[in-house]
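The values are calculated or read from the model by the stated rules, or taken from the named source; none is laboratory data. Being a predicted model, the structure only gives us computed values, none of them experimental. Neighbour counts are summed over all protein chains in view; Cβ atoms, including those assigned to glycine, are modelled from backbone coordinates with ideal geometry.
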Amino acid sequence: MAALSHSRDPVTTFTIIAATRLGRATIADASTRRDLANVATEDGTITTMSEIAVRVAREDEVDKARSILGAAYAEYEGSFPKENWAPYLVDILDLEGRAAASELLIAERVGKIVGCVSYFPPGSKASYPSDSFSEPWPTEWAAFRLLAVDPAARGGGVGRRLTEVCIERARQQGAPAVGLHTTEPMKVARAMYERLGFERAPRYDFHPSPQVAVEAYRLDL
Ligand SMILES: CC(C)(COP(=O)(O)OP(=O)(O)OC[C@H]1O[C@@H](n2cnc3c(N)ncnc32)[C@H](O)[C@@H]1OP(=O)(O)O)[C@@H](O)C(=O)NCCC(=O)NCCS
């Protein structure tokens, strides 16, 4: 098993007070609206549930990220043929396998980890699994994979913030573009990527089986 290297860089924290996110209550149900209320943390600090901090995960947070990945992607089990789902799930949960090439970013709200994403900086050797059926991203691109938000924490801006941080990081690191792959059942994510300006990049599409189309998107920076 590869050594974990998620924390090899100094931990950088990107914090936003997402006041504008309050507008999201229009798509949120009652429980999400409660999430947006002010709360007192254990040390008595009053904070707001809409404050989202994104940072590189510590090694002791990897298992929590894995459990969020498992819970977040479970909804797609029925959307893939069994023979594709089994290896995909192994890949989804294999944080150690992508640790050398990527950074595991986690999102925290009021001290609770609620989401994660694997960010591949420009120049990473394995910005996507090296297999025979897909063309890898250009080396100078950044990429991200496996965006996941705890089902109980959805609709509060976490997924968008994780995506925005990947884009910000890619821009700061001089990448000319960010790449990602997605599939038809991932409708919420696809629509969000398109609103953020991502465009289809069919050259990097691939088919793990005839029934499964994995579609590539790019955002030019
Ligand atoms: C996709 C996912 C990461 C979104 O996370 P989230 O924290 O709920 O997303 P946000 O609250 O930041 O909302 C992002 C956007 O989607 C919209 N949205 C969120 N939930 C929605 C829903 N159920 N229906 C329609 N739109 C929705 C929001 O309005 C927001 O719109 P904006 O782009 O105008 O800001 C989350 O649903 C998830 O983990 N899904 C399973 C894994 C997955 O599909 N990953 C992506 C693989 S490519």
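Quick notes on this structure:
- Verdict on Ala189 being within 11 Å of the chain's Cα centre (by Cα), buried (at least 22 other Cβ atoms within 10 Å of the Cβ) and within 6 Å of the ligand (Cβ to nearest atom): no
- Some residue of segment 120-132 being closer than 21 Å to Leu221 by Cα, near the ligand (Cβ under 8 Å from one of its atoms) and modelled with pLDDT of 95 or more: no
- Residue within segment 163-178 that is touching a residue at least 12 places away in the same chain (Cβ under 8 Å), part of a strand (DSSP E or B) and buried (at least 17 other Cβ atoms within 10 Å of the Cβ) present: yes
- Test: Arg98 is at pLDDT 90 or above, touching a strand residue (DSSP E or B) at 6+ places or on another chain (Cβ under 7 Å), surrounded by 13 or more Cβ atoms within 10 Å (Cβ to Cβ) and in a strand (DSSP E or B): no
- Here the condition is being under 26 Å from Ser79 (Cα atoms) and touching a helix residue (DSSP H, G or I) at 6+ places or on another chain (Cβ under 6 Å); of Pro208, Pro136, it holds for Pro208 alone.
- Scanning segment 208-217 for residues that are loosely packed, with under 12 Cβ neighbours inside 10 Å and not polar (S, T, N, Q) turns up just one, Pro210.
- Top-ranked residue in segment 146-162 [being part of a helix (DSSP H, G or I) and near the ligand (Cβ under 10 Å from one of its atoms); ranked as surrounded by the fewest Cβ atoms within 10 Å (Cβ to Cβ)]: Pro151
- Filter pass, Val90 being among the β-branched types (Val, Ile, Thr), away from the ligand (no atom under 15 Å from the Cβ) and surrounded by fewer than 24 Cβ atoms within 10 Å (Cβ to Cβ): yes
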